[in-house]
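Where a number appears in this text, it was derived from the coordinates with a stated rule and is not lab data. Here the structure is a predicted model, which is why all the values come from computation and not from measurement. Heads up, the Cβs are rebuilt from the backbone with ideal geometry, glycines too, and the neighbour counts pull from every protein chain shown.
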Amino acid sequence: MSEHTEDKPQYKPDIPASRVAFDAAAAAALLADVTAPWVRDLGLEVTEITPSQSRFFLPFSDRLTRDAGMICGQAIVAAADTAMIAAVTAAIGSYGPITTVDIASRFLRPLGAAGGEITVDILKAGRRLVVGRISIADRASGKLAAELNSTYARL
């Protein structure tokens, strides 16, 4: 077994989630399998996953910062979009071809050295589209730093 897959729960895209425990470990394994290497470098951690709400942590890294030691907006949007992959999979019951249709962001305050707590709420899981709201709070203060809305299409 390769080092990449050793001791990692395997989520099989063709098996309905009802037959596979799609928990935080399985969601993390899915993201490791389906995202690009630079996305994995964000260090996004899955902390809780349910069909209606999921939680993640975006740790601080110097590689994600811009001047003044804040996590840059590009990293925040990438983390939100990545979190939606796992949240959509939990909401629809299995992983399949999906893509971002749109994502809109509002940055309310800097996200600093404590990193960000990400909450994804699935607002609608339809046959073709899945709509989610992503809130990112500063871990140190608990204050909302960014709010995003995203729609994914099931292909």
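Using θ = phi - 60° and the Karplus relation 6.51 cos²θ - 1.76 cosθ + 1.60, list the HN-Hα couplings for the stretch 125-132 in order, rounded to whole Hz, with x at every Gly or Pro.
Residue by residue, the stretch 125-132 yields 10, x, 5, 10, 10, 10, 10, x Hz.
Treating each Cα of the chain as an identical point scatterer and ignoring solvent, apply the Debye formula and state log10 I(q)/I(0) at q = 0.10, 0.15 Å⁻¹.
Per q value, in the given order, log10 I(q)/I(0) is -0.33, -0.74.
Report the local net charge at S141: Lys and Arg +1, Asp and Glu -1, summed over other residues whose C-beta lies under 14 Å from its C-beta.
Spelling it out: positives minus negatives among the neighbours equals +1.
Over the stretch 63-155, how many percent of alpha carbon pairs lie in each 10 Å bin up to the one with the longest distance?
Percent of pairs per bin, in order: 17, 47, 25, 10, 0.
Taking 35 Å as R0, compute the FRET efficiency from the Cβ-Cβ separation of A113 and R133 and round it to 0.05.
Rounded to the nearest 0.05, the efficiency is 0.85.
Neighbouring Cβ atoms within 10 Å as the yardstick, rank S54, S141 fewest first.
Ordered by Cβ neighbours within 10 Å, fewest first: S141, S54.
How big is the charge dipole of the stretch 20-154 about its Cα centre, in debye rounded to the nearest 20, if each Lys and Arg gets +1 on its Cβ and each Asp and Glu gets -1 on its Cβ?
Rounded to the nearest 20 debye, it is 380 debye.
For Cα pairs less than 8 Å apart in space and 6+ apart in sequence, what is the mean separation divided by the residue count of the stretch 27-134, i.e. the relative contact order in percent?
Contact order relative to length: 31 percent.
Describe numerically, in nm with one decimal, the distance between label points set 7 Å from Cα along Cα→Cβ at E48 and at A104.
The answer from the label model is 2.7 nm.
In the stretch 108-122, which residues have a backbone nitrogen under 11 Å from the label point lying 7 Å from N149's Cα in the Cα-to-Cβ direction?
none
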